[in-house]
Amino acid sequence: MMRTALLLLCLSVPLTAAAQAYKWTDATGHVHYSDQPPSDRVKAVKGAPAPDANAARQALAEKDLAFKKRRADAAKAKEKADKDAEAARVKQENCERARTTLATLDQNARTYTSDAYGQRNYMTEQQRADARANAQRFMAENCR
């Protein structure tokens, strides 16, 4: 008997929790809460009309298209910035290489180059002057 009463009590608790509650404001501005709907003399307040589903869908599609365009533009800008940074890095390396070559040509009286077989070929004065002019031209192009 006790079990049956306990079971009925447990089953009836969710029913009371699921009961509908009403909230309304009367003419004097007081807010009321009740489990019964307000009397007929109280006007029901209507909310804003539901938005048009097609317009909402179209607005969402436009926003999505604008987002994709901004994302593509940002990717292009990043790619361009990366490309410019790489070009600047290569230019800096070329500048350093030209400075080193020019310093080597200015310091050493006897300068040589190595051929494919690893043998030294010493530069003549004319070859050194040409190499020095090329290094200076290269520096003028890359060292700014």
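The values are calculated or read from the model by the stated rules, or taken from the named source; none is laboratory data. Being a predicted model, the structure only gives us computed values, none of them experimental. Using ideal geometry, Cβ is built from the backbone for each residue, glycine included, and neighbour counts are taken over all protein chains shown.
So, in the range 87-122, of the ones that are of a type in the set (K, R) and not in a helix (DSSP H, G or I), which residue ends up nearest to C143 (Cα to Cα)?
If we filter the range 87-122 for residues that are of a type in the set (K, R), which is where we start, we get 89, 91, 97, 99, 110, 120.
Imposing the further condition that a residue be not in a helix (DSSP H, G or I) reduces the set to 110, 120.
Working: R110: 27, R120: 30 Å.
Filtering the range 87-122 for residues that are of a type in the set (K, R) and not in a helix (DSSP H, G or I), the one nearest to C143 (Cα to Cα) comes out as R110.
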Pick from the range 109-119, criterion surrounded by fewer than 10 Cβ atoms within 10 Å (Cβ to Cβ) and modelled with pLDDT of 80 or more, ranking: nearest to R132 (Cα to Cα): R110
Residue that is surrounded by the most Cβ atoms within 10 Å (Cβ to Cβ), among those in the range 120-144 that are in contact (Cβ under 8 Å) with a residue 12 or more places away in the chain and under 17 Å from Q107 (Cα atoms): A135
Contacts under 7 angstrom Cβ, first residue in the range 50-69 being of a type in the set (A, V, I, L, M, F, W, C), partner modelled with pLDDT under 85, 6 or more apart: none
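Quick grid of which residues meet (1) among the charged types (D, E, K, R); (2) at pLDDT below 90:
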position: A55; (1), (2): no, yes
position: F67; (1), (2): no, no
position: A72; (1), (2): no, no
position: A75; (1), (2): no, no
position: E93; (1), (2): yes, no
position: E96; (1), (2): yes, no
position: Q107; (1), (2): no, yes
position: M139; (1), (2): no, yes
position: C143; (1), (2): no, yes
